[in-house]
1. Leaving out same-chain residues fewer than 8 places away, which lysines sit with a Cα under 16 Å from that of B:Lys128?
2. Given H placed 1.01 Å from N in the peptide plane, which residues other than close sequence neighbours of B:Glu268 have an amide H under 5 Å from its amide H?
3. Order A:305-314, A:200-209, B:45-54 from most to least packed using the mean count of other Cβ atoms within 10 Å.
4. Quick one: dipole size for the protein assembly as shown, taken about the Cα centre, charges +1 on Lys/Arg Cβ and -1 on Asp/Glu Cβ, in debye to the nearest 20.
5. Calculated from DSSP H runs of 4 or more alone, at -39500 (n - 2.57) each and per residue, what is the 222 nm mean residue ellipticity of chain A, nearest 500?
6. Would you mind checking the tilt of helix B:222-234 against the longest principal axis of the Cα atoms of chain B, expressed as 0 to 90 degrees and rounded to 10?
7. With Cβ to Cβ distances under 12 Å as the rule, what net charge do the other residues near A:Arg324 carry (K, R +1; D, E -1)?
8. Which distances, shortest first and in nm, link B:Ala113 to the matching position in the other copies, using label points set 7 Å out along Cα to C-beta?
There are 2 protein chains.
Amino acid sequence: MSVVLLAHGGGGRLMADLIREVFLPRLESPELARADDSALFTPPPGRLAFTTDAFVVDPILFPGGDIGRLAVCGTVNDLAAGGAVPLYLSAAFVIEEGLPLEVLSTIVDSLAATAREAGVRVVAGDTKVVPHGKADQLFITTAGVGCVPEGVSVSGHHARPGDVVLCSGALGDHGMAIMVARENLGFVGHLESDVAPLNDLTAALHSLGPDLHVLRDPTRGGAAAALNEIAAQSGVAIQLHEEAVPIHAPVRVACELLGTDPLTVANEGKMLAVVAPEAADAALAAWRDHPLGREAAVIGEVLEGPAGRVQVRTAFGTTRILDRPLGEQLPRIC
Amino acid sequence: MSVVLLAHGGGGRLMADLIREVFLPRLESPELARADDSALFTPPPGRLAFTTDAFVVDPILFPGGDIGRLAVCGTVNDLAAGGAVPLYLSAAFVIEEGLPLEVLSTIVDSLAATAREAGVRVVAGDTKVVPHGKADQLFITTAGVGCVPEGVSVSGHHARPGDVVLCSGALGDHGMAIMVARENLGFVGHLESDVAPLNDLTAALHSLGPDLHVLRDPTRGGAAAALNEIAAQSGVAIQLHEEAVPIHAPVRVACELLGTDPLTVANEGKMLAVVAPEAADAALAAWRDHPLGREAAVIGEVLEGPAGRVQVRTAFGTTRILDRPLGEQLPRIC
């Protein structure tokens, strides 16, 4: 058998075979291997973070990553943005009948490798198969549990006037890599998704303690959506310095071709931070010391108001309002 | 706007509107309303259980339930089968473009009502929209976290020879209700899914302490799959008494028509328990006292071996082997 059949999702012997042959050897998880209905663990005392994300990216294999790596990073990064140290993941697969087992195996390999890279373990899973034409190859939904270290308290509600906005690196790589792959725009240059687990990068800021106010990963809707959310949640304005925002040249070209603002393009390996002004230098240094933060930059600051507004100060000294995008400019980006 | 658009999944203003208008008012969750990347909570000290399930049931509205109620019950029941008291859920929606907003709202209403019924709170969520034809109306993946009370230790590995097997009620209702709805077999009689949260029912057995060995909800693959898993995990044999297994008459008729063994049909509101023989009477009484366990019965016992075998003793005194089904007899049952 070389493709996934409906019968692989039926709770019978074929499903047990699929789990034993494809999932268990790759995920190396004693909890999964026990095959009970729930995974059990004893977390460290204190606050836990819990989050979920569904992934429907098209194509499922793309330059720089695949849906398996994305599914781990998306949830790990949401936990990291909650100030948490990710501990455990679940992964639920909805598979379209006919998916080659080789493709599924490649993706589970990648998911497993990314979980190891992030230092988390996949302890719970599920597999469903739907008939051909009732899904598009593969959707993966992950959920994650992490622990929040004592002294760390980040939230989109914590931005204060005077705070400094940092970005961990160049924006727009993920979304534009997907679009270039999907639309055959290779002539703009080589573009790769930035998809990466950011929990180690965010942990590098935990020592800032109460000076670390907000962490947010700018995924769907890009930095524009993330910063508008923070401005609204905290009742502040945010001003970006356009020329300070790192953007790789091929992303700039692809965005111009497609008429897209790179600030609205999804990232899967970048983090935004809002920190007290006295902590900005330390935060920037900590990120630039990290392999995933070498291009980190201070990109803006928090203003009193108008509450909820994000504006961009251009190189010419003018300002424009940066609204969150209305809807889906780049469908199925994650 | 009366249907879900691709733009509702784009991370922009329309997605924010959908979340604010459809999800937040129904789910009444302070954690969701905070709109941070992760939900934070402080669990009680001790062991936690964590699990996930994807739901792709067809049709999404069926006699006795819908995909929203199913998505809560599936994960709550997996936590309950882990011996846990369910605390928090996540819910991730993959929506096919064009789904009527009224249908989505009905399902979120049902999901929210079922979460209240089960005493759990939905604290994290995600919404993705895929183009028409790339999914089938709606898939929901839930994950859940629960706490395991001191003294409760259940696992498929804990069945011992001499133990007694209980079932909390009649088998096959969910799977046959779906099939009858899908195949227009209404003439067999009125059939409703048993989909229900079973955490209160399982908690009624927690006082058995170490005499409570295994809990398992017989979903996909039915009791046949669940009992075969337990027999394999524990290295024991299990013998069922066919005439002791409660099965409603219309289920029996529908199974005969479709050539299906009711023991292989999915349930979403039934629990199996394996208990020490001295605790069997107390367990049965506790379940029969519960509104969801009125038809509870002792249906079999655990034997030394052959390890991994499940057999059924018929009313005529003969025995037959009950294997787990090979694959998908009833696709998209959950």
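1. Within the straight-line cut-off, B:Lys128 pairs with A:Lys134.
2. Amide H neighbours of B:Glu268: B:His174, B:Asp194, B:Val195.
3. Ranking, from highest mean packing down: B:45-54, A:200-209, A:305-314.
4. Computed charge dipole of the protein assembly as shown: roughly 0 debye.
5. Result for chain A, helices only: -8500 deg cm²/dmol.
6. Compared with the principal axis, the helix lies near 70 degrees.
7. With Lys, Arg at +1 and Asp, Glu at -1, the neighbours total -1.
8. 4.8
The values are calculated or read from the model by the stated rules, or taken from the named source; none is laboratory data. As the structure is a prediction and not an experimental result, all values here were calculated from the model. Cβ sites come from the backbone with ideal geometry, for glycine too, and all protein chains shown count toward neighbours. The area values use the complete protein model at the heavy-atom level, side chains included, leaving out ligands, DNA and RNA. Shrake-Rupley method; radii C 1.70, N 1.55, O 1.52, S 1.80 Å.
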